[in-house]
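A.B. asks: Before I ask anything, let me first share the structure, which is written out below as structure tokens.
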Amino acid sequence: MSIDLHLHSTMSDGTFSPAELVSQAEILDLRAIAITDHDSVDGIEIGIEEGKKRNVEVIPGVELSSDLDGIDIHFLGYFIDYKNSDFVGHLKKLRYMRYERASRMVEELKQIGINVDLVDVLDIAKEGCLGRSHIARAMIKRGYIDSIEEAFEKYIGRQAACYVEKYAYAPKDVIELINNVGGISVLAHPGISDCDEMISEFVRFEMKGIEVIHSEHTLEQIEHYTNLANGYNLLITGGSDCHGLSEKREMKMGSVIVPDSFLDDIRSFKENGM
């Protein structure tokens, strides 16, 4: 059976609730999924309970950003102790910094005549962890743009006029944060992160795996990162990086085939190798 170890819910920047993610997984006959929201673990408990009803295993996960010399590098954490108070405190800090960033970005947009209010962004995000896609959706709602891609290209992308740098820990700190709560730290979508030359350093920081299968990885990249993972004796993971249905992305769950043996390997490592 297939699995999907990279999914986002409404608790960050996805459009499916945690329960809806599980429902979609059941429809697609997935054995297991991981809810890996950005800087949030609020959807995990809901997902686990829904998974019990639908015979879908839900792995507690998270996606955390890091910054290294201006490069945005993401890490996934699997089987984390999502109730750990220190860990939850770090996430709370990161979510507050996201709020501050969104506030500044909205002000930058107003300076160029795009009058989107922070209250509009918060209304769209609801309980979710604030991200740029929420700002983009508010811009669409006000009629300034036609798509999320347009918002990123013209206004809030890294090279655009209203971009505000995101607060993020260093890669070493993110890996350590995940490992310290019993998690399996994995480099997310390296094919779109441009960080191959840093992987050896991440291994030295005790990173445990690489996300080899991803909806935006080519077959050549999958082969390349499989070889890299095997060369460093790292775990191999995979997922669709589904954010649901939105102006930015279509529903990607089920678009990649991730063998359930990957999950067996991760579980075995956690039980015997840590």
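A.B. asks: Find the residue count for segment 185-207, including only residues that are hydroxyl-bearing (S, T, Y) and either under 18 Å from F269 (Cβ atoms) or without any contact (Cβ under 8 Å) to a residue 12 or more places away in the chain (or both). So that I can check it myself, show each step before the final result.
C.D. replies: Restricting attention to segment 185-207, the residues satisfying the condition of being hydroxyl-bearing (S, T, Y) are 185, 193, 200.
Narrowing the set further to residues that are either under 18 Å from F269 (Cβ atoms) or without any contact (Cβ under 8 Å) to a residue 12 or more places away in the chain (or both) leaves 185.
Number satisfying all stated conditions: 1.
A.B. asks: Another question, if that's okay. Considering only residues that are surrounded by 15 or more Cβ atoms within 10 Å (Cβ to Cβ) and touching a residue at least 24 places away in the same chain (Cβ under 8 Å), look in segment 137-151 and name the one that is farthest from G14 (Cα to Cα). It would help to see each step written out before you state the result.
C.D. replies: Of the residues in segment 137-151, the ones surrounded by 15 or more Cβ atoms within 10 Å (Cβ to Cβ) are 137-140, 144-145, 148, 150-151.
Now restrict to residues that are touching a residue at least 24 places away in the same chain (Cβ under 8 Å): 137, 139-140, 144, 148.
Details: R137: 12, M139: 17, I140: 17, Y144: 22, I148: 13 Å.
Top of the filtered list is Y144.
A.B. asks: Which members of segment 209-244 meet the condition of being more than 22 Å from G183 (Cβ to Cβ), of a type in the set (S, T, Y) and part of a loop (DSSP other than H, G, I, E, B)?
C.D. replies: Passing the criteria: S215, T218.
A.B. asks: Can you name every residue in segment 83-142 that is more than 17 Å from the chain's Cα centre (by Cα) and part of a loop (DSSP other than H, G, I, E, B)?
C.D. replies: K83, N84, I112, G113, I114, N115, V116, D117, K126, R142
Here is a yes/no grid of residues against (1) among the polar types (S, T, N, Q); (2) surrounded by fewer than 18 Cβ atoms within 10 Å (Cβ to Cβ):
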{"position": "S12", "(1), (2)": "yes, no"}
{"position": "S17", "(1), (2)": "yes, no"}
{"position": "L21", "(1), (2)": "no, no"}
{"position": "R31", "(1), (2)": "no, yes"}
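A.B. asks: Of the conditions (1) touching a strand residue (DSSP E or B) at 6+ places or on another chain (Cβ under 6 Å); (2) under 28 Å from E197 (Cα atoms); (3) among the aliphatic types (A, V, I, L, M), I71 satisfies every one except a single condition; which number is it?
C.D. replies: (1)
A.B. asks: Give the residues of segment 177-202 that are farther than 16 Å from F79 by Cβ and part of a helix (DSSP H, G or I), sorted by residue number.
C.D. replies: Across segment 177-202, the qualifying residues are P190, G191, I192, D196, E197, M198, I199, S200, E201, F202.
A.B. asks: Something else about it: From the list I80, I3, which residue is part of a strand (DSSP E or B), among the aliphatic types (A, V, I, L, M) and buried (at least 23 other Cβ atoms within 10 Å of the Cβ)?
C.D. replies: Numbers: I80 fails: part of a strand (DSSP E or B).
Step by step, each of I80, I3 is checked, and only I3 is part of a strand (DSSP E or B), among the aliphatic types (A, V, I, L, M) and buried (at least 23 other Cβ atoms within 10 Å of the Cβ).
A.B. asks: Can you pull out every residue in segment 6-39 that is farther than 17 Å from V62 by Cα and part of a helix (DSSP H, G or I)?
C.D. replies: Filtering segment 6-39 down to residues farther than 17 Å from V62 by Cα leaves 20, 23-31.
Selection gives E20, S23, Q24, A25, E26, I27.
A.B. asks: Could you please find all residues in segment 143-172 being aliphatic (A, V, I, L, M) and in a helix (DSSP H, G or I)? Outline the logic, then answer.
C.D. replies: First, the residues of segment 143-172 that are aliphatic (A, V, I, L, M): 145, 148, 151, 156, 160-161, 164, 168, 170.
The answer is I148, A151, I156.
A.B. asks: Please indicate, with yes or no, whether at least one residue in segment 254-267 is crowded, with 21+ Cβ neighbours inside 10 Å and either in contact with a helix residue (DSSP H, G or I) (Cβ under 8 Å, 6 or more places away or on another chain) or over 24 Å from V58 (Cα atoms) (or both).
C.D. replies: No, because not a single residue in segment 254-267 is crowded, with 21+ Cβ neighbours inside 10 Å and either in contact with a helix residue (DSSP H, G or I) (Cβ under 8 Å, 6 or more places away or on another chain) or over 24 Å from V58 (Cα atoms) (or both).
A.B. asks: Look through segment 38-56, keep the residues that are in contact with a helix residue (DSSP H, G or I) (Cβ under 8 Å, 6 or more places away or on another chain) and either touching a residue at least 60 places away in the same chain (Cβ under 8 Å) or β-branched (V, I, T) (or both), and return whichever of them is surrounded by the fewest Cβ atoms within 10 Å (Cβ to Cβ).
C.D. replies: Ranking the candidates gives I46 first.
A.B. asks: Go through segment 194-208 residue by residue and tally those that are out of contact with any Ser or Thr (no Cβ under 9 Å at 6 or more places or on another chain) and buried (at least 16 other Cβ atoms within 10 Å of the Cβ).
C.D. replies: First, pick out the residues of segment 194-208 that are out of contact with any Ser or Thr (no Cβ under 9 Å at 6 or more places or on another chain): 194-201, 203-204.
Cutting the leftovers down to buried (at least 16 other Cβ atoms within 10 Å of the Cβ) gives us 195, 198-199, 203.
Result for segment 194-208: 4.
We did not get these values from a lab; they are worked out from the coordinates using the rules stated. As the structure is a prediction and not an experimental result, all values here were calculated from the model. Heads up, the Cβs are rebuilt from the backbone with ideal geometry, glycines too, and the neighbour counts pull from every protein chain shown.
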